[in-house]
Amino acid sequence: MKRTNKQKIRLGLFVTLGTIIFVVAVYLIGQRQNMFNKTFTISSYFQNVNGLQRGNNVRYSGIDIGTVKDIIMINDSTIQVDMNIQEKIITHIKKNAIATIGSDGLVGNMIVNIVPGKGPSELINNGDVIESYSKIGADDILSTLSVGSENAAILTADLLKITSAMLEGEGTVGLLLNDTIMAQDLKRSVRNLKLASQGATNTINELNAIISSLKTNDETVLGMILNDTLSGEKLKLVVSNLESSSREIETVLDNVNGIMNDIKTSEGAYNYIVKDTALVNSLRSTLDNINEGTAKFNENMEALKHNFLFRGYFKKLERQAKREERKNN
């Protein structure tokens, strides 16, 4: 069956339209996967990628800048995520940038968000690894909420037991709640404490006033000592002199004590005079003999003065003494 020209035209239009659609689709897909743009690769390590897949978008400060190139399981707790980034963005991303995994909207695909780091840093290069930050996932939130609810239930039960015991008057708090006499005593104690605190406050204020008056008043002795630096220096000098004098007196007393100990323990004249009674008696007898001999000597001299052999000699001496006395007068 021969084809008409109309059918041939339709077939040509269909093939042309299909080719155009295929080219546009390839361009769009390639544009989405950065197949026609110059890119560079950076990596980051995560503990949980939360369903991230190859081809998901990579955003920097909310702008699409690339796609996820590969996801590699390093070990049981580390996952490497490689990202293709447009080369024109390389001048904006620094090495202290941080990669996080989030969702595109509430129910959208998972994406990698790169946020700028704080402080100055160098620009990123091809093959560099940036820091990562793992956000709390929904499972972690549910687990935390479950543990929190269990703890809240246990706490509620314990509080119920405590309040029941308190209402029944058990324990110190229950006694305070149910015993009106103790409550009145507590009120009285609190009132006394307030009065005591007020008295302490007044005393402190009075002390502050006294101290202020001492600081500003130079007429009293204490005020002069506090404010007059010259008097303070003099007092310091007096105290220093007293200290040196006390040390010297202490030294003298030590020396006197040493001398007295030496006198008491030595065998000198003092020891004999004080302790040897025979020597004392001998000294007394000697003194008595000396006194008796002196008296007899005086008697002998008087006898010689009256003796006719020596009378002239003694009169001559008396005349010489009188002449010398007259000359001196």
> Regarding residue 119, is this residue touching a Lys or Arg at 6+ places or on another chain (Cβ under 7 Å) and either open to solvent by less than 40 Å² (accessible area, probe 1.4 Å) or farther than 13 Å from residue 46 by Cβ (or both)?
Replying inline: no
> Which members of the range 238-279 meet the condition of being open to solvent by 90 Å² or more (accessible area, probe 1.4 Å), modelled with pLDDT under 80 and in a helix (DSSP H, G or I)?
Replying inline: 259, 262, 264, 265, 270, 272, 273, 275, 277
>> Against the definition (assigned to a loop (DSSP other than H, G, I, E, B), modelled with pLDDT under 90 and open to solvent by less than 60 Å² (accessible area, probe 1.4 Å)), how does residue 18 come out, yes or no?
In response: no
> Which of the residues that make up the range 58-67 are outside any loop (DSSP other than H, G, I, E, B) and either open to solvent by 30 Å² or more (accessible area, probe 1.4 Å) or touching a Phe, Trp or Tyr at 6+ places or on another chain (Cβ under 8 Å) (or both)?
Replying inline: 59, 60, 63, 64
> Taking residue 55, is it modelled with pLDDT under 85, surrounded by fewer than 16 Cβ atoms within 10 Å (Cβ to Cβ) and out of contact with any Pro (no Cβ under 9 Å at 6 or more places or on another chain)?
Replying inline: no
>> Just to be sure before I move on: is residue 82 more than 18 Å from residue 123 (Cβ to Cβ), touching a Lys or Arg at 6+ places or on another chain (Cβ under 6 Å) and either at pLDDT 90 or above or open to solvent by less than 30 Å² (accessible area, probe 1.4 Å) (or both) in the structure I sent?
In response: yes
> Does the range 283-299 contain at least one residue that is in a helix (DSSP H, G or I), surrounded by 11 or more Cβ atoms within 10 Å (Cβ to Cβ) and modelled with pLDDT under 75?
Replying inline: yes
>> Checking the structure you have, find out if any residue of the range 95-115 is of a type in the set (A, V, I, L, M, F, W, C), open to solvent by 50 Å² or more (accessible area, probe 1.4 Å) and at pLDDT below 85.
In response: yes
> Within the range 36-44, is there a residue that is more than 46 Å from the chain's Cα centre (by Cα), loosely packed, with under 13 Cβ neighbours inside 10 Å and at pLDDT 90 or above?
Replying inline: no
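The values are calculated or read from the model by the stated rules, or taken from the named source; none is laboratory data. Note that the coordinates shown come from a computational prediction; the quantities given were computed from them, not determined experimentally. Cβ: placed from backbone, ideal geometry, glycine included. Neighbour counts: every protein chain shown. Just so you know, the surface numbers come from the protein's heavy atoms only, side chains and all, with ligands and any DNA or RNA stripped out. Shrake-Rupley method; radii C 1.70, N 1.55, O 1.52, S 1.80 Å.
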